[in-house]
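Taking it in order: structure first as structure tokens, then the write-up.
The values are calculated or read from the model by the stated rules, or taken from the named source; none is laboratory data. The structure presented is a predicted model; accordingly, all values stated were derived computationally and were not measured. So basically every Cβ, Gly included, is an ideal-geometry build from the backbone, and we count neighbours across all protein chains shown.
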Amino acid sequence: MMLMGFGVQLEHDHLVMKATKDNFPLKKHNLLQAMLAINDMFFLSSPHIMSLFYEEVIKWMDEANVRYSTRIKLPGKSGYDNMFDFVIPKSRVKPERLVQLANNPTTEKIKSLMFKWFDTKEARGNEVTSYVILNNEESQVAQPAIDALLSYDATPILWTKRKEFTNELAA
């Protein structure tokens with residue numbers, strides 16, 4: 001399901017994406033995004049984890065009555081499509097919210113998220129905010145990762161402190 005969202009097929013243990021000369025940069029971008037998403041799944045394969053982090057977040061959002069759509073592609077200023085794990089629609093009191101998950105918030109993952117956020121924000125205008133839910137159950141999230149998110153006006157949400165953000169996301 002994750003691969004299909006990026007337009008990638010799995011054929012004989014290979015990731016495959018068809019591209020033309022004209023759409024090669026966009027297809028390459030989507031293939032790399034799919035590879036990053038799959039990489040995140042490998043960090044979740046520990047036998048101690050009963051379900052994927054993504055599924056845990058869905059369960060929490062459902063219990064908190066957060067309205068959302070999953071795995072939505074939004075065009076960025078660059079012309080590339082950027083996939084977000086969740087989009088929470090605008091309400092009377094809150095702007096549209098883009099939510100991305102970071103199960104293993106490495107420097108490269110944070111850089112990738114910041115590009116997606118900044119690229120999409122430029123295209124959608126100022127009536128959009130960003131949240132990154134950081135999985136800190138198995139390991140501590142480095143302060144530089146949190147600082148980087150804050151410097152680009154993205155709100156970091158530590159998974160262990162998610163209840164502090166329930167009302168903000170459900171509004």
Of all residues in the stretch 113-163 being of a type in the set (S, T, N, Q), in a helix (DSSP H, G or I) and in contact (Cβ under 8 Å) with a residue 12 or more places away in the chain, which is surrounded by the fewest Cβ atoms within 10 Å (Cβ to Cβ)? T160
For residues in the stretch 2-19 being in contact with a helix residue (DSSP H, G or I) (Cβ under 8 Å, 6 or more places away or on another chain) and more than 26 Å from Q100 (Cα to Cα), which is surrounded by the fewest Cβ atoms within 10 Å (Cβ to Cβ)? K18
Every residue from the stretch 126-139 that is under 24 Å from I58 (Cβ atoms) and among the polar types (S, T, N, Q): T129, S130, N135, N136, S139
Pick from the stretch 21-46 the residues that are at pLDDT 85 or above and in contact with a Ser or Thr (Cβ under 9 Å, 6 or more places away or on another chain): which of them is surrounded by the most Cβ atoms within 10 Å (Cβ to Cβ)? Q33
Determine whether I110 is in contact (Cβ under 8 Å) with a residue 12 or more places away in the chain, outside any helix (DSSP H, G or I) and either touching a Ser or Thr at 6+ places or on another chain (Cβ under 8 Å) or within 21 Å of L31 (Cβ to Cβ) (or both). no
Those residues that are without any contact (Cβ under 8 Å) to a residue 60 or more places away in the chain, in a loop (DSSP other than H, G, I, E, B) and either buried (at least 20 other Cβ atoms within 10 Å of the Cβ) or among the charged types (D, E, K, R) (or both), I need them from the stretch 81-107; list them, please. K90, R92, P105
Being of a type in the set (V, I, T) and either assigned to a helix (DSSP H, G or I) or over 21 Å from V57 (Cα atoms) (or both): is that true of T166 here? yes
